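The values are calculated or read from the model by the stated rules, or taken from the named source; none is laboratory data. All of these numbers come straight from a predicted model, not from anything done at the bench. Reconstructed Cβ throughout: ideal geometry from the backbone, glycine too, with neighbour counts over all protein chains shown.
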Amino acid sequence: MKIHEYQGKEILKRFGVTVPRGMMALTHEEAEAAAKGLFDSGATGVVVKAQIHAGGRGKGGGVKIAKSVAEASEIAGRMLGMKLVTHQTGPEGRIVRRLLVEETLPIEKELYLGILVDRGEGKPVFMASAAGGMEIEQVAAERPEAILKQYIDPGMGLEPFQARKIAFALGLSGAQVNPAVKFLTSLYRAFLETDASLVEINPFITTTDGRIFALDAKMNFDDNALFRHPDIRDLRDITEEDPLEVEASKHSLNYIKLDGNVGCMVNGAGLAMSTMDIIKCAGGMPANFLDVGGGASAEQVANAFEILLSDKNVRAVLINIFGGILRVDTLATGVVEAAKKTHIQLPIVLRLEGTNVEEGKKILKESGLNFTIAETMKDAADKVVAAARS
């Protein structure tokens, strides 16, 4: 689960991470009041930042500096409701519904900090770079030596010597090292105690008067751990998510929209990946990743089918099921129910193996509906790609 920058900063502040003073605004009037409060308390300028779940906001016009309350008010009026397009939103962009108005700071250096789980190592890794404010993916590709990686033993946590190593690698002054150690330790504690999957501060800044701040904050959380954090779960903003993905989550389905025209329904993430691969090998493009899970009911399968068909780009559907806990006859029953309910006209190709496979095929054949049953994955991929083209 993703959250907005202002929400991430509120969480980090609770753990002792220093962030600029700021306030979220939903309206032009709230943004003006926030700016006035900051100027009245000594700020020399404010920055108005669009709050969407995507990076690259500054390049897209979603981050603007104001030198007066009137200017901040004018910027907020223009920014709220705008469609912000960045390299991460795609050409469809995102509508700006919230703003963060916060104080400007006298920046000396822009640095990078990030914590995530390295699946290969089975450990959290703290990443740091002096190339802050840039696209870290570009830095990693072009200058991998510019990124320091510090692996953290889960049983020990971030140790002081590791925090000092990061501080020195970033080129911080002697007077900044101890505050930086505290900052880094607090950041790791926030990552650990919130069950985050990613914490990214880009940029992490030093100021001309020697202070350090998280000027930006990105936090993602492990969905499987949200039951432990109802306060974080409540921060979810479904207006920032694809409507079909939101609908799928209501039925405990895993759905991700893609750019192709072949709808995919599978049971299991590994099977989903291989199904998308074989569609590509057959010359097609998958329209989605839809995993109904190992123990889906006929009702869940029917819901999954309706979600697939809600994507207007889908021209044919491939259902690739290996029946284990999810029996093939249960899947077939759900598919028939959904097909009758939605009056489906699109070609549907099925590749079925596993528990009760013959019973499942019998249900499909006796339904009177136009299903194509393939014998192998390659056969299924060839048939569904041909159907999508025709």
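Annotations for the structure displayed:
- Verdict on V101 being of a type outside the set (D, E, K, R), farther than 28 Å from L84 by Cβ and assigned to a strand (DSSP E or B): no
Conditions (1) of a type in the set (A, V, I, L, M); (2) over 14 Å from V301 (Cβ atoms); (3) in contact with a helix residue (DSSP H, G or I) (Cβ under 6 Å, 6 or more places away or on another chain); (4) outside the structural domain of M276 (by TED's automatic domain parsing), marked per residue:
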{"residue": "I321", "(1), (2), (3), (4)": "yes, no, yes, no"}
{"residue": "D329", "(1), (2), (3), (4)": "no, no, yes, no"}
{"residue": "L346", "(1), (2), (3), (4)": "yes, yes, no, no"}
{"residue": "L350", "(1), (2), (3), (4)": "yes, no, no, no"}
{"residue": "E353", "(1), (2), (3), (4)": "no, yes, no, no"}
{"residue": "L369", "(1), (2), (3), (4)": "yes, yes, yes, no"}
{"residue": "E375", "(1), (2), (3), (4)": "no, yes, no, no"}
{"residue": "K378", "(1), (2), (3), (4)": "no, yes, no, no"}
{"residue": "A381", "(1), (2), (3), (4)": "yes, yes, yes, no"}
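- Candidates T206, T185, filtered to the one that is assigned to a helix (DSSP H, G or I), of a type in the set (V, I, T) and either at pLDDT below 90 or assigned by TED's automatic domain parsing to the domain that holds Y112 (or both): T185
- Residues located in region 139-160, provided they are outside any loop (DSSP other than H, G, I, E, B), among the small types (G, A, S) and loosely packed, with under 11 Cβ neighbours inside 10 Å: A141
- Pairs, first over 25 Å from E71 (Cβ atoms) in region 89-102, second surrounded by fewer than 23 Cβ atoms within 10 Å (Cβ to Cβ), C-beta under 7 Å, six or more apart: T89/A54; P91/V85
- Test result for K9, assigned by TED's automatic domain parsing to the domain that holds T185 and surrounded by 18 or more Cβ atoms within 10 Å (Cβ to Cβ): yes
- The sole residue among A163, A190, A217 that is without any contact (Cβ under 8 Å) to a residue 24 or more places away in the chain and buried (at least 16 other Cβ atoms within 10 Å of the Cβ) is A163.
- Boolean, L111 is assigned by TED's automatic domain parsing to the domain that holds L184, in contact with a Leu (Cβ under 8 Å, 6 or more places away or on another chain) and closer than 18 Å to L215 by Cβ: yes
- Verdict on K361 being buried (at least 17 other Cβ atoms within 10 Å of the Cβ) and more than 14 Å from M265 (Cβ to Cβ): yes
- Residue check: L198 meets all listed conditions (1) surrounded by fewer than 17 Cβ atoms within 10 Å (Cβ to Cβ); (2) more than 16 Å from the chain's Cα centre (by Cα); (3) closer than 17 Å to V17 by Cα but one, namely (2).
- Residues of region 342-360 include at least one that is at positive phi, at pLDDT below 85, in a strand (DSSP E or B) and small (G, A, S).
- Hits in region 317-341 - residues which are in a strand (DSSP E or B) and surrounded by fewer than 23 Cβ atoms within 10 Å (Cβ to Cβ): F322, G323
- Of the strands (runs of 3 or more DSSP E) entirely within region 220-300, those holding at least 1 residues that are of a type in the set (A, V, I, L, M) and buried (at least 18 other Cβ atoms within 10 Å of the Cβ) occupy 262-266, 288-291.
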